[in-house]
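Have a look at the structure below, then the notes.
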Amino acid sequence: MTTTPSPEPHRSTTTVGIVGAGPAGLMLSHLLARDGVDNVVVDNRSYAEIEQTVRAGILEAGSVRLLVDSGVSDRVLREGDEHAGIEIGFDGRLARIDFADLVGSSVWLYPQTDVFIDLAAARSRDGGDVRFGVTDTSVDDLTSDRPVLRFTDADGVPHELRCDLLVGTDGSRSICRRAIPETQRQQSFREYPFAWFGILCEAPASAPELVYSHSDRGFALISQRTETLQRMYFQCRPDTDVENWSDDRIWAELQSRVNVNGLELREGPITSRTVLRFRSSVCEPMRYGRLLLAGDAAHTVPPTGAKGLNLALADVGVLAPAIRAFLATGTERELDDYSVRALQRVWKAQHFSSWMTSMLHLPPDASVFDLRRQQAEIRSIIDSRAGSTYLAEGYTGWPA
Ligand SMILES: Cc1cc2nc3c(=O)[nH]c(=O)nc-3n(C[C@H](O)[C@H](O)[C@H](O)COP(=O)(O)OP(=O)(O)OC[C@H]3O[C@@H](n4cnc5c(N)ncnc54)[C@H](O)[C@@H]3O)c2cc1C
């Protein structure tokens with residue numbers, strides 16, 4: 001029997017190897033390059049695939065500042081929509097949480113696809129090395145001082161990239177996280193008994209700001225994308241099959257859940273439908289040897305508080321200076337400090353997302369007691385300046 005020898009890998013070096021070209025990976029690459037730190041980013045999806053994946057839409061004020069002040073782009077300020085509040089639909093009425101008045105801040109509606117386009121364009125403009133469409137990614141020698149990133153590029157050429165540091169920004173199914181021995185990480189995990197049925201539809205906006213609607217049929221979120229395209233969600237069972245839902249059935253369900261004065265839900269053809277499961281997870285610490293984790297690779301949150309994308313950007317806002325300090329001093333404590341500091345925000349966001357979720361969604365086995373208690377909790381927020389301020393602080397994002 002003859003075997004074909006595998007081709008010798010192309011060997012090269014860089015200072016920081018980054019796995020994953022989502023918001024965390026590309027923003028980190030940009031921040032490091034700005035500081036003169038060489039880096040290479042690899043992603044197993046093509047540019048077109050990432051660009052077409054519809055996900056997050058809300059940016060905290062701090063995320064917008066990071067994009068603009070770091071020189072990625074100011075397109076968000078020109079084309080994004082600033083929202084100075086949200087509406088809570090409850091008890092047949094709309095209650096506005098006025099971020100501007102309560103905490104002097106706001107959020108921006110700016111789709112994750114545009115964040116990706118801006119970041120990828122900035123890397124391209126600045127001569128960044130980003131390889132899309134790679135396969136067979138693996139990381140090794142994590143506790144040595146020259147960890148390695150192996151991958152096969154889009155032309156089928158195998159590569160072995162030696163680095164000073166590796167960063168796993170490869171999303172919730174991270175191979176980097178799984179490369180850390182289980183004995184060396186604490187994995188916290190919670191699965192929720194519901195999911196979101198998400199749609200994109202061709203219709204005018206029903207409201208100028210996001211509407212988070214509580215009802216005894218379950219939760220619904222009315223959000224916007226453009227003047228003619230809208231994003232909406234309603235709480236469903238995790239095993240819901242989108243094929244069983246016609247447009248008429250979806251609209252009837254949404255209408256029944258946003259039955260509040262002052263809101264007319266505008267309908268239109270539904271162009272996409274997905275079920276989004278709810279999971280919370282945190283991997284601690286966010287460092288193992290010369291491997292660091294950031295973004296969804298280290299933690300995921302249920303989408304209710306709109307924190308996932310923002311946390312990914314916040315992580316790398318802390319990681320980039322930590323890497324710079326490590327490279328300047330050789331002191332590993334800088335890397336540990338990254339994990340400690342990032343995790344403080346991660347756990348606040350976990351709490352906030354979990355709290356918003358449990359306040360607004362009805363568990364499948366909810367009793368009358370549960371429903372009444374939940375209604376009282378929502379009243380305690382919307383009828384109280386202190387309660388509304390707490391929500392506004394968490395939603396717009398805590399200071400860096
Ligand atoms: C439907 C949906 C709605 C959401 N809504 C919101 C919202 O409203 N607000 C909010 O803040 N967040 C939201 N999120 C979460 C948000 O999208 C994520 O938190 C965010 O994308 C995390 O960024 P990231 O860079 O850490 O990871 P990702 O964006 O997941 O990027 C990881 C990248 O790594 C690549 N990769 C994975 N494995 C490998 C490998 N082996 N080799 C090479 N590359 C690899 C992937 O292709 C991907 O491009 C939503 C998520 C979903 C799915």
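In table form, for the structure just shown:
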read-out	value
Orientation-averaged projected area, Cα convex hull of the range 142-187 (nm²)	4.1
Relative contact order computed over the chain (Cα-Cα under 8 Å; 6+ residues apart), in percent	20
Amide H within-cut-off set for residue 83, under 5 Å, with H built and near neighbours excluded	107, 108, 109
Sequence-separation-based contact order of the range 245-400, relative, with Cα cut under 8 Å and 6+ spacing, percent	18
Gyration tensor (alpha-carbon) shape descriptor, the range 31-185, a/c threshold 1.5	prolate
Which of 393, 332 has the fewest Cβ neighbours within 10 Å, and the rest in rising order	332, 393
Three-way shape label, the range 190-243, alpha-carbon gyration tensor, a/c 1.5	prolate
Rounded to whole Hz, the Karplus (6.51, -1.76, 1.60) HN-Hα couplings of the range 273-287, x for glycine and proline	9, 9, 10, 10, 7, 9, 9, 10, 8, 9, 9, 10, x, 9, 8
Cβ crowding within 10 Å averaged over residues, with 159-170, 75-86 ranked highest first	159-170, 75-86
Estimated Rh, the range 1-111: Kirkwood, alpha-carbon pairs, angstrom	17.7
³J(HN,Hα), Karplus 6.51/-1.76/1.60, whole Hz, each residue of the range 142-156, x for Gly, Pro	5, 9, 8, 8, 9, x, 10, 10, 10, 6, 10, 6, 5, 8, x
Phi-based couplings in Hz for the range 190-207 (Karplus 6.51, -1.76, 1.60; Gly and Pro marked x)	9, 9, 9, x, 8, 9, 10, 8, x, 10, 10, 9, 8, 7, x, 5, 8, 8
Assigned charges on the beta-carbon of Lys, Arg, Asp, Glu; the chain dipole about Cα centre (debye)	660
Gyration tensor verdict on the range 249-400 (Cα atoms; rounded if a/c is under 1.5, prolate if a/b is larger than b/c, oblate otherwise)	prolate
Residues with amide H under 5 Å from that of residue 171, placed H, sequence gap 5 or more	296, 297
Two-site FRET efficiency, residue 129 against residue 277, from Cβ-Cβ distance with R₀ of 35 Å, rounded to 0.05	0.55
Likely footprinting exposure, 214, 361, fewest C-beta neighbours within 10 Å first	361, 214
Spatial separation of Cα centroids for the range 215-277 and the range 309-330, in angstrom	38
Cα-only Debye scattering, the chain: base-10 log of I(q)/I(0) at q = 0.08, 0.14 Å⁻¹	-0.45, -1.24
Proxy reagent accessibility, fewest Cβ within 10 Å first, across 249, 287	249, 287
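A short reminder: the numbers here are calculations on the coordinates, not readings from a lab. Remember, predicted model here, so these are calculated numbers, not experimental data. For neighbour counting, all protein chains shown are included, and Cβ atoms are generated from backbone atoms with ideal geometry for every residue, glycine included.
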